[in-house]
Amino acid sequence: MSVSRRTLAAAAFVALVLPLSACGSGGDDGGSGDASGKVEGDITFQTWNLRANFKSYFDGVIADFEKQYPGTHVKWIDQPAEGYADKISADAAGGTLPDVVNVSPDLVAPLAKAGLALDLDKAAAKYRKEYLPGAWASHRIPGMTGTYAFPWYLNTGPLFYNKSLFKKAGLDPDSPPKTYDDLFADALTMAHKSDGKVATLANVPTIEDFGRYGVELMNKEGTAFTFNDAKGVQLLSKYKELYDAKALDPQALTATPESSGRKFLTEAVAMNPGSALDLDNFKKQAPNLYKNIGITDQITSTGHVNMYVMGVMVNSRTKRTPAAVAFAHYVTDAEHQMSFAKKVAIFPSTAGSLEDPYFTKEDGTDETRVRIAAAKSLKNAVNYTPVLFSDQMKTALRNEVAKALQGKESPKAALDNAVKACNTLLQQQG
Amino acid sequence: MSVLEKARPVSRPEAPGPRVTDEHGRRIRVGELVVRYVLLLVVLALTVGPFLWQLSTSLKGPTEDIFSSPPKFLPGHPTLHNYERVADTIPVWDYALNSLKVAAANVVTNCVGSALAGYALARLRYRGRRVATLVFILAMLVPVEGIIIAQFTTMRELGLNNTLVGVVLPGCIAAMNVLLMRNAFLNLPYEIEEAAYVDGADVWQRFLRIALPSVRGTLAVVAIFAFMGAWDDFLWPLIVLSDPSKFTLTIGLNYLHGTFANDERLVAAGTVIAVAPLIALFACLQRYFFRGVGEGAVKG
Amino acid sequence: MATSTVTRVRRQLPSSPWLFAAPGLLITGVFILYPFVSTVVSAFTDRRTLVPGKFVGLANFRELLHDDMFWIGLRNSTLYIVCVVPALVVLPLLLALLVQKNIPGITFFRSAFYTPVVASIVVVGLIWVWLLDERGLINSLLESVGVGRVGFLSDQWLLLFSAMAVTVWKGLGYYMIIYLAALANVPRELHEAAAVDGAGAVRRFRTVTVPAVRSTMVLVGALSSVAAFKVFSEVYLMAGPSGGPAGEDTTLVMLVQRTGTGLTGRVGYASAISLVVFVVTVALMLLVLRADRREAS
């Protein structure tokens, strides 16, 4: 017995004397924020799950860059879909973050706050006018000055619907819902006519749904969330009605984008938001559905559709600031975004690119139709998800929404709780 | 199919042919035999069925509706096309080679390290032996999810991030395996080593020539656990490695979940690629494995 | 006599025990215990992923008491033990009895029953989600026999039970092997004597088999309850990262993962939960071992 007591004592001793692991403060040996020097040296560029399909594209971009700036060498690393945030966290905490990193706005915010993202308003202000103003602004962080990533590709898309399910429910397959009121009415009809077997929506409302419905998500200063206002409660109450009528899929509370996409594929759900990329997927995976696919515009009460933004961030501790900034700009400039957009159905964030005939000229195919409509809507699209909205906040909102739908809480109480939880998390983020 | 051949006695158990007997040479009644085989087949369907369903999905061609209801158990036009696509999409052989390196290294270090440590815990008496045992028991109970970033920081301080060595190191002598080996050695009779001691063998010789050969089966168990663990691990290799050319198969297969679109057939083919080598390995080693368990490796 | 031998061994080579144990101790110390100690330290700080944080005393633990999610996690992890452990103590034993007799083809069956253990949990999760989906294989079969579709992946409790079923499914083969080893050591005379006395299969199982493998049952109980309390992957893969409807299926380790990882992770708070998990598992082990010792004596 004496042995184990001694072990405990030793453990306690180690615990007390041991300093806190110096996470985040490690590796303060980085370079300056000055990007004006000579573009040279070795840099590392990290992308998020793009290698499998676009290897030759990136190899080409890198080769061209190295040719244009002799003396540079770009090492490209690509990370798989899952665990990207964990990977970046470990690298950020361990001081091994690559020089140029593909990020989404919610990843930029904590990195910028920890001083790991270069302020491009200082280091690369001259490039600012090359991008759509909305896209450039999407990497600003409330409470901080500066912009912390180059905007890269954008994505948005229409709403797909299943014409044969619409027909079966006695709805006109050629006049899909245009407003939220239409949508909710059609969904209830669909559920009623199919005896609750066919739902119209497969996802619970997320923060961007609240935004698109016209709810003010945050106060002007970006210091507190406000989505528990009357409008937010109205949207959630409406969803509750749909859920009770099975017009919102019963599995929605646990749905992921993949699972709800699959529901649409198996014709268990009549509508699904998507993008031009999905058309190809429908063709391959569910040829029967593809014959009956209907395409309509994203529904919004604000006149602005939602868009997703990808960015390219420069590590503020890079030893090769000029090369890193030059490369981040090179990847995201109009020419390269345009050629990337032609490889896969995404949209460039550079000013003027959306006027390209590729995004304006119909050729009779569904793909082109979807692309042109999306490009048009992107000109005033908004990334509704606040950059400060962390994964933990998403979970908090999702769980409160679920409680309201299940009837465990009133929509008002649920949103009040969600706002309270998110505000606490926001404070803790400092 | 070997399944059918082996299961044939079910169809004609009353035939006079070879008598079916149990391990003690007693004849088993026909009725009991039928019940046994029926139960075995039910459990077989439950344990292996899900894998076969995945295999069937991976063999379905692009024109076949994989979401049809009711489901089709057999692919209409079986094709290996999805496997070719996996190989076209990612350098699957390079990843498999990396996985193999990591798994092989993990097997070697675990077998050597846990045999040595297990022997020390079971056979050698010294001050601190109980503390040492306690260290391994506690290590087994540590929830790994909470310590992964700290592990990474340590690895970086050692300069081993982004190396396959870094992938192997934290699990290279797993506490669980040490305890398995300890139990195996504890169950060996002392007398054999006693005789060798009288003959003048020192501790290394007794370990290598006498103790170790007697626990071969347990070593097979450790080897399989080590191989499985390294082959299946996802989060740790992902965090340690940055360079895609060093990625292991589990990370590599994750590329099949597209950023822009998901293809269930491709994912199914990927999972089959991930599981098949393990099943093959296990099928080859199962004889030693079951013997190892028989040594009482995992008894209390 | 054994003791005298080892005493002499020690006299002969005093350093060898440490040489033997050193690699294992070193690896365990550096990569498991040292990071764990820093987790323990973090539990008393407000550390976040990118911010070192400062000492906050017991604040994290006080917060735990008022965190609904923590209690949900504790409830689910405990429920997991209550439901999964009895199944994993009994079913693999029955399975082991089924595959114990050397009838033709039995090696094939033994190996086949072990396959779920070999496959990675991620693969297993993918397969089962694919099977249990509302339009998946199992629901199609249920519908064709007239039961109708069941929301395995949408109802809070069905989800948890489905995850438990997968845990049991994956663990069957593993514990079956442990029982096989133990059964091999049950003297057959016991069974024969009982059979002569006219005991049926059920009574022989109760009066001969169970007492003979009692200590193995305790071991299986201890191993499976520790694993059950630390359950993560099955529930995470089936219920999703947010833990099922309204997070009602969250387990404690899922909560550690959710609060502690990512760039905005609250490492300090997550460490506090980790510490609770660790203390409970150690207590569980001690409890089981102690109960065993008392019963044995």
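Given the residues B:Leu169, B:Leu141, B:Leu158, B:Leu124, which is the only one that is in contact with a Pro (Cβ under 7 Å, 6 or more places away or on another chain), facing chain C (nearest Cβ under 10 Å) and of a type outside the set (S, T, N, Q)?
B:Leu124
Being at pLDDT 90 or above and farther than 30 Å from A:Met144 by Cα is the requirement here; does A:Ile299 meet it?
yes
Might you let me know whether the range C:193-211 holds any residue that is among the charged types (D, E, K, R), touching a helix residue (DSSP H, G or I) at 6+ places or on another chain (Cβ under 6 Å) and either at the interface with chain B (Cβ under 10 Å from one of its Cβ atoms) or closer than 28 Å to B:Met176 by Cβ (or both)? Reasoning before the result, please.
Looking only at the range C:193-211, we keep the residues that are among the charged types (D, E, K, R), and these are C:197, C:203-204, C:206.
Subset that is touching a helix residue (DSSP H, G or I) at 6+ places or on another chain (Cβ under 6 Å): C:204.
Right, trim to either at the interface with chain B (Cβ under 10 Å from one of its Cβ atoms) or closer than 28 Å to B:Met176 by Cβ (or both) and you get none.
No, the range C:193-211 has no match at all.
Do we have A:Ala90 as surrounded by 16 or more Cβ atoms within 10 Å (Cβ to Cβ), under 30 Å from the mean Cα position of the chain (by Cα), part of a helix (DSSP H, G or I) and within 7 Å of chain B (Cβ to nearest Cβ) here?
It is true that A:Ala90 is surrounded by 16 or more Cβ atoms within 10 Å (Cβ to Cβ), under 30 Å from the mean Cα position of the chain (by Cα), part of a helix (DSSP H, G or I) and within 7 Å of chain B (Cβ to nearest Cβ).
Restricting to the range B:144-155, give me the number of residues that are crowded, with 24+ Cβ neighbours inside 10 Å and more than 7 Å from every other protein chain (Cβ to nearest Cβ).
Of the residues in the range B:144-155, 1 are crowded, with 24+ Cβ neighbours inside 10 Å and more than 7 Å from every other protein chain (Cβ to nearest Cβ).
Tell me the residue from A:Ala252, A:Ala247, A:Ala270, A:Ala202 that is farther than 23 Å from A:Thr156 by Cα and not hydroxyl-bearing (Ser, Thr, Tyr), please. Before the answer, list the steps.
Details: A:Ala252 fails: farther than 23 Å from A:Thr156 by Cα; A:Ala270 fails: farther than 23 Å from A:Thr156 by Cα; A:Ala202 fails: farther than 23 Å from A:Thr156 by Cα.
After applying the criteria, what remains is A:Ala247.
Taking the condition without any contact (Cβ under 8 Å) to a residue 40 or more places away in the chain and touching a helix residue (DSSP H, G or I) at 6+ places or on another chain (Cβ under 6 Å), does C:Ser225 pass?
No.
If we keep just the residues of the range A:68-87 that are part of a strand (DSSP E or B) and of a type outside the set (A, V, I, L, M), which is farthest from B:Glu145 (Cα to Cα)?
Residue satisfying both the conditions and the ranking: A:Thr72.
In this structure, is A:Ala117 of a type outside the set (S, T, N, Q), over 30 Å from A:Asn292 (Cβ atoms) and touching a Phe, Trp or Tyr at 6+ places or on another chain (Cβ under 6 Å)?
So A:Ala117 passes the test.
What residue, of B:Ile173, B:Ile137, B:Ile149, is β-branched (Val, Ile, Thr), within 17 Å of C:Phe31 (Cβ to Cβ) and in a loop (DSSP other than H, G, I, E, B)?
On the way: B:Ile137 fails: in a loop (DSSP other than H, G, I, E, B); B:Ile149 fails: in a loop (DSSP other than H, G, I, E, B).
On inspection, the qualifying residue turns out to be B:Ile173.
So, of the residues in the range A:115-127 that are in contact with a helix residue (DSSP H, G or I) (Cβ under 9 Å, 6 or more places away or on another chain) and modelled with pLDDT of 90 or more, which turns out to be surrounded by the fewest Cβ atoms within 10 Å (Cβ to Cβ)?
Taking the range A:115-127 first, the residues in contact with a helix residue (DSSP H, G or I) (Cβ under 9 Å, 6 or more places away or on another chain) are A:116-121, A:123-124, A:127.
Within this subset, residues satisfying the condition of being modelled with pLDDT of 90 or more are A:116-121, A:127.
Values: A:Leu116: 25, A:Ala117: 30, A:Leu118: 31, A:Asp119: 18, A:Leu120: 26, A:Asp121: 14, A:Tyr127: 18.
The qualifying residue surrounded by the fewest Cβ atoms within 10 Å (Cβ to Cβ) is A:Asp121.
If a residue must be among the aliphatic types (A, V, I, L, M), surrounded by 18 or more Cβ atoms within 10 Å (Cβ to Cβ) and facing another protein chain (nearest Cβ under 10 Å), how many such residues does the range B:103-121 contain?
Within the range B:103-121, residues that are among the aliphatic types (A, V, I, L, M), surrounded by 18 or more Cβ atoms within 10 Å (Cβ to Cβ) and facing another protein chain (nearest Cβ under 10 Å) number 5.
If A:Leu188 passes every condition in (1) touching a residue at least 60 places away in the same chain (Cβ under 8 Å); (2) in a helix (DSSP H, G or I); (3) of a type in the set (A, V, I, L, M) but one, which one does it miss?
Status for A:Leu188: all satisfied but (1).
Go through the range C:229-256 and count every residue that is more than 7 Å from chain A (Cβ to nearest Cβ), more than 17 Å from C:Arg48 (Cα to Cα) and of a type outside the set (Lys, Arg).
18
Within the range A:191-224, restricting attention to residues that are among the charged types (D, E, K, R) and in a loop (DSSP other than H, G, I, E, B), which residue is nearest to A:Thr266 (Cα to Cα)?
Out of the qualifying residues, it is A:Lys197.
Among what's in the range C:140-177 and is polar (S, T, N, Q) and either under 30 Å from B:Ala184 (Cβ atoms) or in a helix (DSSP H, G or I) (or both), pick the residue that is nearest to the other protein chains (Cβ to nearest Cβ).
Per the stated criteria, the residue is C:Ser140.
Any residue that is farther than 23 Å from A:Leu97 by Cα, in contact (Cβ under 8 Å) with a residue 12 or more places away in the chain and not aliphatic (A, V, I, L, M) - is there at least one of those in the range B:124-140?
Checked the range B:124-140: at least one residue is farther than 23 Å from A:Leu97 by Cα, in contact (Cβ under 8 Å) with a residue 12 or more places away in the chain and not aliphatic (A, V, I, L, M).
Working only within the range A:370-384, note down all residues that are within 19 Å of A:Phe340 (Cα to Cα) and touching a strand residue (DSSP E or B) at 6+ places or on another chain (Cβ under 7 Å).
Hits for the range A:370-384 are A:Val370, A:Ala374, A:Ala375, A:Leu378.
Go through the residues of the range C:272-279 one by one and say whether even a single one is more than 9 Å from chain B (Cβ to nearest Cβ) and free of Cβ contacts under 8 Å to residues at least 24 places away in the same chain.
Yes, there is a match, as at least one residue in the range C:272-279 is more than 9 Å from chain B (Cβ to nearest Cβ) and free of Cβ contacts under 8 Å to residues at least 24 places away in the same chain.
Quick one: C:Trp128 ticks every box in (1) within 11 Å of chain B (Cβ to nearest Cβ); (2) at pLDDT 80 or above; (3) not in a helix (DSSP H, G or I) except a single one, so which number is it?
Here C:Trp128 meets the rest and fails (3).
It is to be established whether one or more residues within the range C:58-69 are assigned to a helix (DSSP H, G or I), closer than 30 Å to B:Ala280 by Cβ and touching a Ser or Thr at 6+ places or on another chain (Cβ under 7 Å).
Scanning the range C:58-69 turns up no residue that is assigned to a helix (DSSP H, G or I), closer than 30 Å to B:Ala280 by Cβ and touching a Ser or Thr at 6+ places or on another chain (Cβ under 7 Å).
If you check A:Thr365 against the conditions, is it in contact (Cβ under 8 Å) with a residue 12 or more places away in the chain and not assigned by TED's automatic domain parsing to the domain that holds A:Met218?
For A:Thr365, the condition - in contact (Cβ under 8 Å) with a residue 12 or more places away in the chain and not assigned by TED's automatic domain parsing to the domain that holds A:Met218 - is not met.
Yes or no: C:Leu180 more than 28 Å from the chain's Cα centre (by Cα) and more than 14 Å from chain A (Cβ to nearest Cβ)?
On the way: more than 28 Å from the chain's Cα centre (by Cα): no; more than 14 Å from chain A (Cβ to nearest Cβ): yes.
Taking the combined requirement at face value, the residue does not satisfy it.
Do we have C:Thr259 as within 10 Å of chain B (Cβ to nearest Cβ) and without any contact (Cβ under 8 Å) to a residue 60 or more places away in the chain here?
No, not satisfied.
Among the residues of the range C:78-100, are any outside any helix (DSSP H, G or I) and either at the interface with chain B (Cβ under 7 Å from one of its Cβ atoms) or at pLDDT below 95 (or both)?
Checking the range C:78-100: not a single residue is outside any helix (DSSP H, G or I) and either at the interface with chain B (Cβ under 7 Å from one of its Cβ atoms) or at pLDDT below 95 (or both).
So B:Thr57 ticks every box in (1) over 22 Å from the mean Cα position of the chain (by Cα); (2) surrounded by 18 or more Cβ atoms within 10 Å (Cβ to Cβ); (3) at the interface with another protein chain (Cβ under 7 Å from one of its Cβ atoms) but one. Which box is left unticked?
(3)
Has the range C:282-295 got any residue that is outside any loop (DSSP other than H, G, I, E, B) and under 13 Å from the mean Cα position of the chain (by Cα)?
yes
What is the one condition in (1) surrounded by fewer than 22 Cβ atoms within 10 Å (Cβ to Cβ); (2) under 30 Å from C:Pro241 (Cβ atoms) that A:Asn383 does not satisfy?
Every listed condition holds for A:Asn383 apart from (1).
Please tell me if A:Ser349 is more than 14 Å from chain C (Cβ to nearest Cβ), among the hydroxyl-bearing types (Ser, Thr, Tyr) and within 24 Å of A:Gly303 (Cα to Cα).
Details: more than 14 Å from chain C (Cβ to nearest Cβ): yes; among the hydroxyl-bearing types (Ser, Thr, Tyr): yes; within 24 Å of A:Gly303 (Cα to Cα): yes.
Judged against the criteria, A:Ser349 is a match.
The values are calculated or read from the model by the stated rules, or taken from the named source; none is laboratory data. Because the structure is a prediction, the values reported are computed rather than measured. Virtual Cβ from ideal backbone geometry, glycine too; neighbours counted across all protein chains shown.
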